[in-house]
Amino acid sequence: MSANPDHPVHPDHPFRSPAAVVPPATVVIVGAGPRATGLIERIAANAPELYGDGAPFELHLVDPHPPGGGRIWRPDQSPLLWMNSMAEDVTMFTDESVEREGPIRPGPSLAEWAREVRGAHEVREVRGAHEVRGAERPPALPPELAAEAAALTGRSFATRRLQSAYLRWVYERSVADLPPGTIVHEHRDRAVRVTGPRDGRQQVWLEGRTAPLTADAVILALGHLDAEPDAEQRALTAFAAEHRLVHLPPEFTADSDVSALRPGEPVIVRGLGLAFVDLMVLLTEGRGGRYERGPDGELVYRPSGREPVLYAGSRRGVPYHAKIGYSLSGERPPVPRFFGPAEVDALLSRPARPDFRRDVWPLIAKELGFAHYHRLFTAHPERVAGEWSAFEEKYAACPPGSPDLDVLVAAAVPDPADRLDLDTLDHPLAGPRFGDHEALQQALRGHIEADLARRHDPAHSPDLAVFLALLSVYGQLIRLGDIGGWWHGFFSFLASGPPGPRLEQLLALSRAGVVRFLGAETTVTTDPVRGVFRASSASVPGHAVEARALVEARLPEPTVDRSRDTLLRSLHRDGAAATPVGLLAVSPADARILDRAGRPHPRRFALGPHTDARASGAFARPRTNAPAFRQNDATARALLRCLRELSCRATVTA
Ligand SMILES: Cc1cc2nc3c(=O)[nH]c(=O)nc-3n(C[C@H](O)[C@H](O)[C@H](O)COP(=O)(O)OP(=O)(O)OC[C@H]3O[C@@H](n4cnc5c(N)ncnc54)[C@H](O)[C@@H]3O)c2cc1C
């Protein structure tokens, strides 16, 4: 395979039909991360049926980062950064659970692939170095990744670098599966503009190049985008510049320059999600600190002395819940039940756009409660009174959040700890106030220890049922388009938290005094007199922390208006529609970009977090009818049909 970015990946395959009058169709995909890789897999799977039995086409991939992993999953990043999904929960391949029209093409999950790598490595060692590599065969990995793959279990959290190698392999395999003769060009460039008439060929302009790429169809898989700072961030940056402070605005943490955060100095960190975990890792182990097990088995952090002191807070004041550390045994929760295709149809058929809190959330709450109690009754019957069938019938009749529901649950579930309380889950620190900072630290450590224990104890398996119901809800929500930020935050807090071992490390860092918690409703202000940032929280009234550095530990909001992506901004300027919070509007059926009149563009498609169908950001879990697979399949099929129609027209004209 050619490493030269602008050279065809398959130079040795001439077009199969030199006599054809019609040139092969040309497709440009901008962004070559996981989403684009998944789309190529689906194009390859669907091409034999939909695009002239084996006819080749030309595919241009544009991304400054290597195709397969793209920017987030690039190979050259710190080996300390992990995925936050277990290896058995990550797959790039469809299975029979996926509702799609195209063929299923089975393939390994990350965990299975690592096993194959291990096996292939052993075979290679036996046979020596003269083996021929096929696209199907797992690659030979550099020694440190081979060692990681060898030790990886289904329940491990792989490094981002190992995931990068998996994605690269999936990419190469998918490219090899494209119709014979297809030429793939990799351009390590940034695309800045798409032009062209609605009913004609499109031009994709690359930064620093005078001639555009010309395409029959364009797909934007731009992923997570950098944003221009909003007014608050601009003011904080200006304040920092004026007082010679450090302010790191929201950005992809692996790209942040954290060298300005000095040893021993306090740093205020806003955000306790996954960006916080990355920051914590880079500033502790990344600066030479190490973990050891104490005599009692407790994890102990041995500082290098080069760490700053992180004062971390957020609206909730607690880190995201740990990933659940056990598998489901027995029956899966039978969802969707209260929030499925029929309920979404009903919401869509209303004349006005549904209001999330009023129209959608009650259905979601009912679905989550259903999954929770179904599991409690079926897996832990000793903790309930009565039969599931009787409870189920009454539950179905109770409006969500109603006093009737409270009465029903109180009668059937004696221990309040076994009842699902979504408000308390969302605001775990809403009530308590602490007399001093140290009391808060102890309480927070207690909270994290309890969470870790609970998330690894199958006695709490209704949590897992709620998690599975959350995934189901996520899948349904795609059809409603952008439904606002609160839901995404709530989902991430419950379902997309850090690996358990990361929370164990956080506890050790807290005990070592390297991380200190600020509490709930953390606010940050600037003090022009003292020339510092100041953080306080509702949890410890009257207590404030001053620091000369402030880090916003979160990703930038993916909005069209403030995106740094010139391409996205120009598209919007040229008439593409955006949702109220500024995501690119696409048709739910096949991800075609919509104009402001709601018309789908015949030749432009967009997939991923910068669109209003972003409800499918994470990697697919096997056997979960993953939304990303459904979208990729539908989009690949629409694209291939579009190319077929164009080539038929061209043949007639010729
Ligand atoms: C730090 C981080 C960690 C994550 N960890 C996990 C995890 O552990 N498990 C999980 O399930 N999900 C995780 N996610 C969710 C994430 O959404 C997916 O893993 C995945 O990366 C999304 O794929 P994508 O291709 O849509 O976007 P991206 O991965 O962002 O890829 C988009 C690509 O488009 C390119 N691009 C953008 N604009 C242009 C342009 N104008 N011209 C050319 N190229 C362009 C970028 O360079 C990039 O390579 C994580 C996300 C982040 C940000």
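Only the coordinates and a few stated rules stand behind these numbers; no lab work does. Only a predicted model underlies this, so the values are computations on that prediction, with no experimental measurement involved. Because the Cβ atoms are built from the backbone with ideal geometry, glycine has one as well, and the counts that use them run over all protein chains shown.
When the chain is described by a simple charge dipole with +1 on each Lys and Arg Cβ and -1 on each Asp and Glu Cβ, the residue from 618, 439, 551 located farthest towards its positive end is 551. Let me make sure I get this right: for the stretch 441-575, a, b and c are the square roots of the gyration tensor eigenvalues over alpha carbons, sorted descending. Under 1.5 in a/c it's rounded, otherwise prolate if a/b > b/c, else oblate. Which is it? Judged from the Cα gyration tensor, the stretch 441-575 comes out oblate (a/c at least 1.5, b/c at or above a/b). Fully extending the segment from residue 243 to residue 512, taken as 0.36 nm per residue of separation minus the present Cα-Cα distance, adds 93.8 nm. Calculate, for residue 104 and residue 449, the FRET efficiency according to 1/(1 + (r/R0)^6) with r their C-beta to C-beta distance and R0 45 Å; round to the nearest 0.05. The computed FRET efficiency comes out at 0.55. Once backbone amide H atoms are built at 1.01 Å from N, residue 595 has 577, 601 as its partners under 5 Å, excluding neighbours fewer than 5 places away on the same chain. Full extension of the chain between residue 597 and residue 421 yields a length gain of 59.2 nm, computed as 0.36 nm times the residue separation minus the alpha carbon distance. For the stretch 65-72, backbone phi angles converted through the Karplus equation (6.51, -1.76, 1.60; θ = phi - 60°) give residue-by-residue couplings of 9, x, x, x, x, x, 5, 6 Hz, Gly and Pro being listed as x. Annotation for residue 406 and residue 387: the two label points, set 7 Å from Cα along the Cα-Cβ direction, are 3.0 nm apart. A simple spin-label model places the labels of residue 147 and residue 543 4.1 nm from each other, with each point 7 Å out along Cα-to-Cβ.
Per-residue 3J(HN,Hα) values for the stretch 274-284, derived from phi via the Karplus relation 6.51 cos²θ - 1.76 cosθ + 1.60 with θ = phi - 60°, read 6, 5, 5, 4, 4, 4, 4, 5, 5, 8, 10 Hz in sequence order (x marks Gly and Pro).
Taking 0.36 nm per residue of separation and subtracting the Cα-Cα distance, what length does fully extending residue 486 through residue 394 add? Don't skip to the answer; put the middle values down first.
Numbers: separation 92, 0.36 × 92 = 33.12 nm, distance 2.98 nm.
Extending this stretch completely gives an extra 30.1 nm.
Think of the chain as having a plus end and a minus end, set by charges on the Cβ of Lys, Arg, Asp and Glu; of 490, 520, 282, 282 sits farthest toward the positive end of this dipole. Inter-label distance, residue 259 to residue 188: 2.2 nm, where each label sits 7 Å from its Cα along the C-beta direction.
Charges were assigned to the Cβ only: +1 to each Lys and Arg, -1 to each Asp and Glu. The resulting dipole of the chain about its Cα centre is roughly 1160 debye.
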